Amino acid sequence: MISCATPKEKDQSTSGITEVEPEAKLSKDDLPNVDCKLDYYLMHDSVSKEAIEFWKGERKPTDDDATTKVFNELNSKPDEVRPFYFVLVSKLMDKTDGALADLAIHTTYRFVFEEHTQEFFSYTNKENCFINDHYFSYSNWAEHLGGALSMRCDTGENYDECISKYFVELKKKCPSCDVETLQLRLRGWL
């Protein structure tokens, strides 16, 4: 199970330097006792300057290259930093409309249906530290995923059959995932 890691600080008393290292990924049993602290990602070499600026509130999402870059990084960055990008994109989705909504729709579809299906279900597990109002809004993801599927199925074929095909493929891709719950949550957005 992929989950968020917390920083591990080692006090090097002889030099006065504090070194921050990620701990091993947490198991499902560890999660209830963990506060999801993502700030250590801000020091990670694979996290872009733009992502850090968004995280710190120094930049607002707009229809610009920096916003596009951060949304695209959700699907392109190494596994190690993807939890940070998942939370960041989840927070940025609150501010999307117009062209940004199209970007969010495309990004969430790619993440869930094409590239990181297992991770999405792991991140949205009710026991995961991301599932709280501060880090994650399931309705934002449902709205954007629903929009993506609606656009893909608005082709003249039977709409319900088209939608069902996507969930059948998702279940094939991730047999252990709770695809049925995702389908129920998306129904209001389709």
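Read-outs throughout are calculated quantities, based only on the coordinates presented, and are distinct from any laboratory measurement. Here the structure is a predicted model, which means the values were calculated and not measured. Heads up, the Cβs are rebuilt from the backbone with ideal geometry, glycines too, and the neighbour counts pull from every protein chain shown.
Given LYS56/LYS77; LYS95/LYS165; LYS77/LYS173; LYS69/LYS95, which pairs have Cα atoms separated by over 23 Å?
With Cα atoms farther than 23 Å apart: LYS95/LYS165.
Can you list residues whose amide H is under 5 Å from THR62's amide H, if they're 5+ apart or on another chain and H is modeled 1.01 Å from N?
THR67
What's the ranking of 62-68, 50-56, 143-149 by average number of surrounding C-beta atoms within 10 Å, highest first?
143-149, 50-56, 62-68
Could you pull out every residue, at least 5 positions away or on a different chain, whose amide H is within less than 5 Å of the one on SER46? Hs are placed 1.01 Å off N in the peptide plane, and Pro or chain starts have none.
Here nothing satisfies the definition.
Read phi for every residue in the stretch 39-50 and hand back ³J(HN,Hα) as whole Hz from Karplus 6.51 cos²θ - 1.76 cosθ + 1.60, θ = phi - 60°, with x for Gly and Pro.
Whole-Hz 3J(HN,Hα) from phi for the stretch 39-50: 4, 5, 5, 4, 9, 7, 4, 8, 8, 6, 4, 5.
Peptides 104-113, 76-85: what's the order by average Cβ count within 10 Å, highest mean first?
The peptides rank, most packed first, as 104-113, 76-85.
Between ASN158 and SER76, what FRET efficiency comes out of the Förster formula 1/(1 + (r/R0)^6) with R0 = 30 Å and r the beta carbon distance, rounded to 0.05?
Given R0 = 30 Å and the Cβ-Cβ separation, E is 0.30.
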